[in-house]
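Participant: I am attaching a structure below and will ask some questions about it afterwards.
The values are calculated or read from the model by the stated rules, or taken from the named source; none is laboratory data. The structure displayed is predicted, hence computed values, not measured ones. Heads up, the Cβs are rebuilt from the backbone with ideal geometry, glycines too, and the neighbour counts pull from every protein chain shown.
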Amino acid sequence: MLTVEELKDNLSQIIGPKHRHPFDEKAKSHMEIVESILVEYFKSFDWNVELQNVKFDEFTTKWGVTHKNLDGNNIICTKHFDNSKETMIIAAHHDTVPLSPGADDNGSGLILLMAIAKYYEVTKSEYNIMLISFDFEEIGLVGSEFFAANIRNYFPDTSKIKGVIVLETLGYYSQKQFLPKGFDVLYRKEISKLKQDKIIKGDFLTVIYNGRSKHIMSKFKNINADLKIGYIRDPIDKPIIGKLLNKIIPSLKNLLRSDHTPFWLRDLPAVMLTDTANFRNPNYHQPSDLEDTLDYDKLLDIYEIIINVIYS
C-alpha cells in the first residue's frame with residue numbers, strides 16, 4: 001500500500017536540477033544519476049526497461065526554438081506485454097528547467113509513475129500498461145515528440161493504443177487559483193462547478209482532454225473520488241471553431257504545454273493531468289520548487305484515481 005513516506009522517500013532520490021545543458025555539469029551529472037536510479041527502480045519490479053536514445057544534431061521545436069547536439073533518453077517500461085491487447089500509456093518527464101529542484105515539475109508526476117510501477121497488478125487490467133519517462137520535456141517536448149514520431153516501432157497498429165495519460169505538475173494545492181485569460185468565459189459551466197463562496201480555490205485536479213480522448217476523460221468522471229476534478233476540453237480538434245477560438249483566445253495555447261501534445265497532433269488519444277502549474281504554484285520553474293511545498297495526501301488521492309482508471 002502506497003504511503004506518504006514512500007512518496008517522500010522516492011522524491012528525495014530524484015529531487016534537484018537535472019537536465020542535459022552542457023553549461024551546468026552538476027545538473028547534467030544529476031540527470032545521469034537519476035536516469036540510472038529510475039532504470040534500476042523499474043527493473044526491480046520486473047518491468048522490461050528500454051532506453052530509447054533521443055539524439056539530434058539539431059532539433060527545432062514547434063515553437064521555433066532550435067537546439068543542437070541533443071543526446072538523452074526516454075525510459076520505456078513494459079511488463080508481460082500481450083500484442084493482442086490494447087495498451088494504455090502512462091507518462092511523466094524526468095528533466096527540470098535550470099536551477100529548479102523540480103519537486104512539482106515534475107517530481108510529483110514522476111513519483112506517481114514510480115508508484116504505479118511498484119503496485120501495478122497485470123492480472124487486474126484488461127489491457128497492457130506501458131510506462132514512459134520522457135526526456136527533454138522542458139525544452140519543447142522533444143522526448144515525447146521523438147517517441148510519437150517513432151510510435152509505429154512499438155505499435156504497428158496504432159488503433160491498439162487505448163490512450164495516453166500524461167502526469168504533469170500534480171502536487172501543489174492552495175487557496176489561490178488563477179485562470180488563463182478567457183477561460184472564465186469559454187469554460188464557464190465547468191469553472192462554476194469548482195467555485196466555492198463565489199471564488200475558485202486551487203484545490204482541484206485538472207484533466208485536459210480533446211475530442212479524441214473523451215473516452216479516457218469519461219473514465220476519470222466515473223471514478224468516485226474525494227478530490228475535486230475539473231475537466232477542460234481543448235477545442236484544437238474541432239473543425240473551423242477550433243482555429244477560430246485559438247485566434248480569439250490565445251491563452252488556449254496553455255493547454256498544449258506538455259507531453260500529450262505530440263500524441264494529439266497525430267490524432268492519438270491522450271489526456272494531461274495537472275495542478276495547473278504556474279496558474280496556482282508560485283514556485284513553478286523556481287529554485288523554491290521544493291519537497292515541502294507539495295501536498296502528499298492529495299498525491300495519494302491522485303494515485304488512487306489513476307489506479308482505478310487503469311483497472312476500470
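Participant: Looking only at segment 159-170, count every residue that is more than 12 Å from M272 (Cβ to Cβ) and either surrounded by 15 or more Cβ atoms within 10 Å (Cβ to Cβ) or basic (K, R) (or both) and tell me the total.
Facilitator: Final tally of qualifying residues: 3.
Participant: If K55 satisfies all but one of (1) crowded, with 20+ Cβ neighbours inside 10 Å; (2) over 18 Å from G109 (Cβ atoms); (3) touching a strand residue (DSSP E or B) at 6+ places or on another chain (Cβ under 7 Å), what's the number of the condition it fails?
Facilitator: The number of the failed condition is (1).
Table: residues versus (1) surrounded by fewer than 16 Cβ atoms within 10 Å (Cβ to Cβ); (2) under 22 Å from Y303 (Cα atoms); (3) out of contact with any Gly (no Cβ under 7 Å at 6 or more places or on another chain).
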{"position": "N10", "(1), (2), (3)": "no, yes, yes"}
{"position": "I15", "(1), (2), (3)": "no, yes, no"}
{"position": "K26", "(1), (2), (3)": "yes, no, yes"}
{"position": "E40", "(1), (2), (3)": "yes, yes, yes"}
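Participant: Among the residues of segment 132-147, what is the count of those that are surrounded by fewer than 22 Cβ atoms within 10 Å (Cβ to Cβ) and in contact with a helix residue (DSSP H, G or I) (Cβ under 6 Å, 6 or more places away or on another chain)?
Facilitator: 0
Participant: May I pose another question? Cβ contacts < 6 Å: first residue within 30 Å of Y127 (Cβ to Cβ) and of a type in the set (D, E, K, R), restricted to segment 285-309; second residue surrounded by 18 or more Cβ atoms within 10 Å (Cβ to Cβ) and at pLDDT 95 or above, any location; separation 6+ or different chain. Result?
Facilitator: K298/Y173
Participant: So which of I208, I216 ends up being modelled with pLDDT of 95 or more, in a helix (DSSP H, G or I) and among the β-branched types (V, I, T)? Steps first, please.
Facilitator: On the way: I208 fails: in a helix (DSSP H, G or I).
The match here is I216.
Participant: From the set of residues in segment 191-228 that are under 16 Å from F279 (Cβ atoms), touching a strand residue (DSSP E or B) at 6+ places or on another chain (Cβ under 6 Å) and not small (G, A, S), which is surrounded by the most Cβ atoms within 10 Å (Cβ to Cβ)?
Facilitator: Looking at the filtered set, the residue picked out is I208.
Participant: What's the number of the condition C77 fails, among (1) touching a residue at least 60 places away in the same chain (Cβ under 8 Å); (2) under 29 Å from L265 (Cβ atoms); (3) under 19 Å from the mean Cα position of the chain (by Cα)?
Facilitator: (1)
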